[in-house]
1. Can you list residue pairs whose Cβ atoms sit under 8 Å apart, with the first residue in the range 140-158 being among the hydroxyl-bearing types (Ser, Thr, Tyr) and the second being open to solvent by less than 90 Å² (accessible area, probe 1.4 Å) and in a loop (DSSP other than H, G, I, E, B)? Count only pairs 6 or more apart in sequence or on different chains.
2. So which residues in the range 84-103 are aliphatic (A, V, I, L, M) and out of contact with any helix residue (DSSP H, G or I) (no Cβ under 8 Å at 6 or more places or on another chain), if there are any at all?
3. In the range 67-85, which residue that is more than 11 Å from residue 126 (Cα to Cα) and hydrophobic (A, V, I, L, M, F, W, C) is most open to solvent (accessible area, probe 1.4 Å)?
4. For the range 114-147, how many residues meet the condition of being surrounded by fewer than 15 Cβ atoms within 10 Å (Cβ to Cβ) and closer than 16 Å to residue 65 by Cβ?
5. Using beta carbons and a limit of 8 Å, which pairs, at least six apart or on different chains, have the first residue in the range 73-85 and more than 15 Å from residue 134 (Cα to Cα) and the second one small (Gly, Ala, Ser) and surrounded by 18 or more Cβ atoms within 10 Å (Cβ to Cβ)?
Amino acid sequence: EEYKLFIDNVEELLPVVYTPTVGVACQKYGSIFRRPQPFPKLIERPPDICMGEDSRGEHAYIFPGFGFGLVISGAIGVHDEILLAATEALAGQVTEEHLARGMIYPSFTNIRKISAHIAAKVAAKAYELGVATRLPRPENLVKYAERCIYTPTYWTYG
């Protein structure tokens, strides 16, 4: 049941599953950036799927914010809509300035802010779908995520 959406729409959704940000970017900005990259041999790659220069963006951008959003909402289930919310949140962090510079991801120097925004969108979708258990829902999910995010503090020894 959870995979029905994907199975029924493989060609449209494969970029979202393989590299979520690039999948959304392809839908919105496919006419700007076209450079095919290696693709798993599990299925034949349709000729119009574009892949970004780094096809592992989900590891650095999506998964940390995605998992964080599930944790801060206390989600007891994961639906396709939640993953899509994460990809859309990341795509929303890509500005016209990034695109003008040939970037398909926002600058990694802002990863904590980006992760908080992704987590907030994931948590919001979990609340909307009724799978969030951390109640009551925080009023401002971005601020809540920013407060909850791990802050590394290192002691200095002298």
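The values are calculated or read from the model by the stated rules, or taken from the named source; none is laboratory data. Here the structure is a predicted model, which means the values were calculated and not measured. Methodologically, a virtual Cβ is constructed for each residue, glycine included, from the backbone with ideal geometry; neighbour enumeration extends over all protein chains shown. Please note that ligands, DNA and RNA were not included when accessible areas were found on the heavy atoms of the full protein model with its side chains. Shrake-Rupley method; radii C 1.70, N 1.55, O 1.52, S 1.80 Å.
1. Going by the 8 Å Cβ cut-off, the qualifying pairs are 144/138.
2. Matches in the range 84-103: 100, 103.
3. The selected residue is 84.
4. 2
5. 82/69; 82/75; 82/126; 85/124
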